[in-house]
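Since the structure comes first, as structure tokens, the remarks are kept for the end.
The values are calculated or read from the model by the stated rules, or taken from the named source; none is laboratory data. Quick caveat: nothing in here was measured; it's all calculated off a predicted structure. Counting neighbours? That spans all protein chains shown, and the Cβs are built from the backbone with ideal geometry, glycine included.
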Amino acid sequence: MVPIFSTLTYDEMMEVARITVARSYKKGELIYMAGDKGEVVLNMSKGDLASHIGMSQKTLSRKLSYFQDMGWIKQIRHRRIVILDEENLRSLI
């Protein structure tokens, strides 16, 4: 049992299971899909994400900071990113 879930009731556990979506991604594949609500919760550290997409953690952090300065994303804590301007982000690929 994952400690964060240890206090949940059976019904609460079933609700978590109901809303959980398992997805797999290939290297370089976008983790944001059109129609998603715009908030991405990373299930890996920024270091792991940087390694996965082939750049240093420092470079990734600079790019995310730049995207935030441009108003394209908002970083919330370590693993949450809110996409504010999908069109400009997509123009980069």
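Considering segment 61-74, the residues that are under 16 Å from residue 87 (Cβ atoms) and surrounded by 15 or more Cβ atoms within 10 Å (Cβ to Cβ) include one that is modelled with the lowest pLDDT, namely 73. Residues that are at pLDDT 75 or above, over 14 Å from the mean Cα position of the chain (by Cα) and not in a helix (DSSP H, G or I) do occur in segment 23-41. All of (1) touching a strand residue (DSSP E or B) at 6+ places or on another chain (Cβ under 6 Å); (2) at pLDDT 70 or above; (3) not β-branched (Val, Ile, Thr) hold for residue 11 with one exception: (1). Scanning segment 42-74 for residues that are over 20 Å from residue 25 (Cβ atoms) and in a strand (DSSP E or B) turns up just one, 74.
Which of the residues spanning segment 1-22 are part of a loop (DSSP other than H, G, I, E, B) and either within 24 Å of residue 44 (Cβ to Cβ) or not polar (S, T, N, Q) (or both)? Even if it seems obvious, please write down each step before you answer.
Filtering segment 1-22 down to residues part of a loop (DSSP other than H, G, I, E, B) leaves 1-2, 6-9, 20-22.
Matches in segment 1-22: 1, 2, 6, 8, 20, 21, 22.
Out of 58, 46, which single residue is in contact with a Ser or Thr (Cβ under 9 Å, 6 or more places away or on another chain) and either surrounded by 11 or more Cβ atoms within 10 Å (Cβ to Cβ) or at pLDDT 85 or above (or both)? So that I can check it myself, show each step before the final result.
Numbers: 58 fails: in contact with a Ser or Thr (Cβ under 9 Å, 6 or more places away or on another chain).
Going through 58, 46 in turn, the sole match is 46.
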